[in-house]
Amino acid sequence: MRRSILLFATVAMLIAVAAPVLAGVNVVEVADEVSLDGLYVEPGLSADTSSLNASITRAGNSGVRLMVVLLDADPSGGAVTFADAVLDRVSDGTVLVLSGGSEGIASTEFDQSTLDAALDRGFLASSQAPSGSGDEAFVSAVVDFLTGSTSGTTPGTEVPASSGGGSSGLVIMLVIVGGMVLLVWFAVRKTKKSAGQGRGKLIAEAKTEIRAQLDAMANTILEITDLVNASSDSQDDTYLREASATFTTADDSFAAANDLNALETLSDQLDEARWQLDAAAAIANGKPVPPKPLKEQRYVCFFDPTHGNATETAQITTPAGTQTVRVCAEDAEKLRRGTQPQPRMIGVSGRRVPAPMAPRSYGGGGFDWLDVFTVLAGGTGQSQSYDWGGSRPSTRSRSTWSVGRSSSSRRTATRSSGSSSRSSSGGSRSRSGNTRSRNR
């Protein structure tokens, strides 16, 4: 494998971006699993996976890409928020999330009224199912409604056997069952193959950008090496060796990085190398070493991760508050002159999005929520306004609707509902909610 002995003076952004964990469950891991298998059951939660997989397969046979997530506890923000987060990380389809006290669904395949009705149908089926099989009945009923089919028997119930029929009836039954098993096997195989191909495209996209950032760092390292060689301070050489080792580790691990988690780890390694290279360049230029960022903080230029010399800070202001980020000296100067630095564009799910909004596994900032904001460099000059709402890095190719319900832990005669809608990159996104208890 190619090993590069190089060094790169880059700059960084001090933005704390925590891993997407809701209710103790990592959204990235859930998305990876459901994109491949169609089903995620939180460890420790009892569920009839055979029944759930049969419903998912039945949906797939009708052209519906259904992904089901079963959680023990309610995720932060409710099941609909979790469904949205999962759908953001898969190519497209319909994500159904059932947790201890909430139910939510997000889809690129159905409109809001259809999703509302599907959840109502699922709730009714779960309330009629035996205890311990409510989730299975819920999923089966949702599939029935979305596909316009019926599932035969509700999970957890049995069809009484006929008193007659003899051996010929048994033979017929065995033939039918055998045929159904073969159909399910072929459908599951086809669904997994399709999901694997979609997941492979996402990984290929992410690796393309990470490779470009590795190459940019390698080219810049050559320039910094000359700067360090001309310096008499031995400490800059120490940082140079550390940066070279970090870069080489990342470069060597690139080929084996075949999932988004591994690519996010590789992106973090590049951040570490960027700080080490900045430290070497600072000493060579007789300047203080920049503070080492915390482990969970990004160290990268806000506008372009391939930019070097990110020695200045800027204030990002959104309706939710302000955030300090790092920008390169060139972009900071543009902001002070009243011009807008243009972000690096990264391909995500077939769309070009600004680098700050791209996932961290793509070498981006991970701020997929960022849309309308202002930037002010170093507290001076005139703030510049940006609107990236039309560039949201969603993996959805069509309009997206989402519907969710939160449930109380006890049965209640009261029922409250509400709905809201907002504009997103994929189109109009609608939300709806009810408070009610559900049999699991």
query: Tell me, S62, S99, S133, S140 in order of fewest to most beta-carbon neighbours within 10 Å?
result: S62, S133, S99, S140
message: Using the Karplus curve 6.51 cos²θ - 1.76 cosθ + 1.60 with θ = phi - 60°, what ³J(HN,Hα) values do you get for each residue of the stretch 96-105, in whole Hz, with x for Gly and Pro?
response: 10, 10, 10, 10, x, x, 8, 9, x, 8
- line: The residues E205, E136, E296, E29, sorted from fewest to most surrounding Cβ atoms within 10 Å, come out as E296, E29, E205, E136
- prompt: Tell me, W275, W388 in order of fewest to most beta-carbon neighbours within 10 Å?
  reply: W388, W275
query: So which aspartates and glutamates can K334 reach, going by Cα to Cα under 17 Å and dropping same-chain residues fewer than 8 places off?
result: D304, E312
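Every read-out reported here was derived from the displayed coordinates using simple, explicitly stated rules and does not represent laboratory data. None of these values were measured; they are calculated from a predicted model. Neighbour counts run over all protein chains shown; Cβ positions are idealised from the backbone, glycine included.
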